[in-house]
Amino acid sequence: MAIAQKTFSDYLDDAKEMASEVSKVTDRIERERMIPPEITNQMKDRGLFRLLMPRSLDGAELDHPSFLRLVFEFGKADASVGWCFNQNNVFATNSTRLPEKASREIWTDWRNVVTNGPPTRDTLATPVDGGYRLTGRWNFSSGSPHATWLAALTPIKDSVPSEIRVLLIPKNKATMIDTWDVHGLRGTGSHGFEVNDLFVPGHRSYNQSDTPREPGSLYKINTTLFFCSGFATVALGAARTALDAAVEMSTSKIPTNAPGQVTLRDMGTVQRQIGLAEAIWGAARAYLHENHSRLWESANKDQPIPTADRIGVRLASTHAIRQAAEVVDIAYNLIGSTAIFGSSPVQRRFRDIHVITQQVQGQMYHYDTAGQFFLGMEPQGSI
């Protein structure tokens, strides 16, 4: 079905169907450190990596609250898939900042996906006639196994004032580096890449501060807030699955030295911890939803988005990630030694969630940024 004909209900059905397929191959995703091609190809063909792109580029231009509902479905099924789904879609909003010629060159093919990652210290682009000569290395490029293009954030040599641009290069022009030897979010395949003196045409670059060509509400919100709210939603999805698994196991597991046939479910301490975990999870999700709704309401008005609304999403996103980790920890501790085995759905989410807390969007210093704002200071941080 063409994107123009699809409704949110269609996309929600697609997401639930694909999430069900993902759930069947989670062990393979973990083992191979990537999402299987048969999954990503279906997602591409259904337009599931074009959801935040403008209609002028044959994107869905889905409103962001609806998009987060889809992120949640994938996050529950597998955090790595939810992570890539969010990251690859959010980056595609930059199709409105890249010159239209390059945007059409890259995104006309529905199976093209762009991955991005931060540069290392020695990365540099030198201006030449018609473009740049690019040399450097980038890491943490989530979704690189199924991506076809790479976005290289790069300082421009001798620029005055100092400028950093994003240069787009076909993946087959770079050397991929297997760096993703990790214990959580393994399926994101967040490898590195490098190039040496590669020519990049000038039209395949943009500055992150460039004004989007499109007037839609989606393009008034910076990608930082999209990334953080989306990754927080992935974290909440993973925590939901871990908590549900702990509840299910508690009905049948008989603790060591328990009298008679007493299960975990029958123990008062377990009952209390489950209640506490549900409260933590529900409060974190509600706080994120409240602040994100306010941000989206502001984006739909003909005025700049207030700093308070940006701070709200920044704070609620980091808090949701940290609280989701606490929920997973409760689930992990409740089910005892069962949780240490690789076959346990709680073990998988335990590893995934603690990688999410280490990513930039889950870092504690975002509380500092929010605190500075509430204390009447100029917030120092990315909002």
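Pairs meeting the criteria (first residue in segment 320-344 and not assigned by TED's automatic domain parsing to the domain that holds Ala235, second residue part of a helix (DSSP H, G or I) and among the small types (Gly, Ala, Ser), beta carbons under 6 Å, at least 6 apart or on different chains) are lacking. Taking the listed residues Arg165, Arg186, Arg213, the one that is over 29 Å from Arg351 (Cα atoms), among the basic types (Lys, Arg) and surrounded by 17 or more Cβ atoms within 10 Å (Cβ to Cβ) is Arg165, with no other qualifying.
For segment 298-328, a residue qualifies if it is hydrophobic (A, V, I, L, M, F, W, C), in a helix (DSSP H, G or I) and crowded, with 17+ Cβ neighbours inside 10 Å, and the qualifying residues are Ala299, Ile311, Val313, Leu315, Ala316, Ala320, Ile321, Ala324, Ala325, Val327, Val328. Of the residues Ser162, Ser250, Ser217, Ser229, the single one that is within 26 Å of Thr120 (Cβ to Cβ) and either polar (S, T, N, Q) or in contact with a helix residue (DSSP H, G or I) (Cβ under 9 Å, 6 or more places away or on another chain) (or both) is Ser162. Among residues of segment 1-17 being aliphatic (A, V, I, L, M) and under 28 Å from Asn222 (Cα atoms), the one that is nearest to the chain's Cα centre (by Cα) is Ala15.
Considering each residue of segment 131-183, count those that are part of a strand (DSSP E or B) and either in contact with a Ser or Thr (Cβ under 8 Å, 6 or more places away or on another chain) or in contact (Cβ under 8 Å) with a residue 24 or more places away in the chain (or both), and give that number. Give the steps one after another, and end with the answer.
Filtering segment 131-183 down to residues part of a strand (DSSP E or B) leaves 131-141, 149-156, 164-170, 175-177.
From the residues that got through so far, the ones that are either in contact with a Ser or Thr (Cβ under 8 Å, 6 or more places away or on another chain) or in contact (Cβ under 8 Å) with a residue 24 or more places away in the chain (or both) too are 131-141, 149-156, 164-170, 176-177.
Within segment 131-183, residues that are part of a strand (DSSP E or B) and either in contact with a Ser or Thr (Cβ under 8 Å, 6 or more places away or on another chain) or in contact (Cβ under 8 Å) with a residue 24 or more places away in the chain (or both) number 28.
Selection over segment 340-383 of residues that are assigned to a helix (DSSP H, G or I) and not aliphatic (A, V, I, L, M) gives a count of 19. Can you tell me which residue is nearest to Ala238 (Cα to Cα) among those in segment 48-94 that are in a loop (DSSP other than H, G, I, E, B), within 17 Å of the chain's Cα centre (by Cα) and of a type outside the set (A, V, I, L, M, F, W, C)? Here the residue is Asp78. Do we find a residue being outside the structural domain of Gln42 (by TED's automatic domain parsing) and touching a residue at least 40 places away in the same chain (Cβ under 8 Å) anywhere in segment 118-129? Yes, the conditions are met somewhere in segment 118-129.
Name the one entry in Phe199, Phe226 that is surrounded by fewer than 20 Cβ atoms within 10 Å (Cβ to Cβ) and either in the same structural domain as Gly59 (by TED's automatic domain parsing) or aromatic (Phe, Trp, Tyr) (or both). One residue alone meets the criteria, Phe199. Residues considered: Trp296, Trp281. Of these, the only one that is within 30 Å of Phe341 (Cβ to Cβ), over 17 Å from the mean Cα position of the chain (by Cα) and modelled with pLDDT of 95 or more is Trp281.
One line per residue, one yes/no per condition, for (1) crowded, with 16+ Cβ neighbours inside 10 Å; (2) out of contact with any Gly (no Cβ under 6 Å at 6 or more places or on another chain):
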position	(1), (2)
Cys84	yes, no
Pro99	yes, yes
Thr108	no, yes
Gly117	yes, yes
Thr123	yes, no
Arg133	yes, yes
Gly136	yes, yes
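The values are calculated or read from the model by the stated rules, or taken from the named source; none is laboratory data. Quick caveat, the model's predicted, so the values are computed rather than measured. Virtual Cβ from ideal backbone geometry, glycine too; neighbours counted across all protein chains shown.
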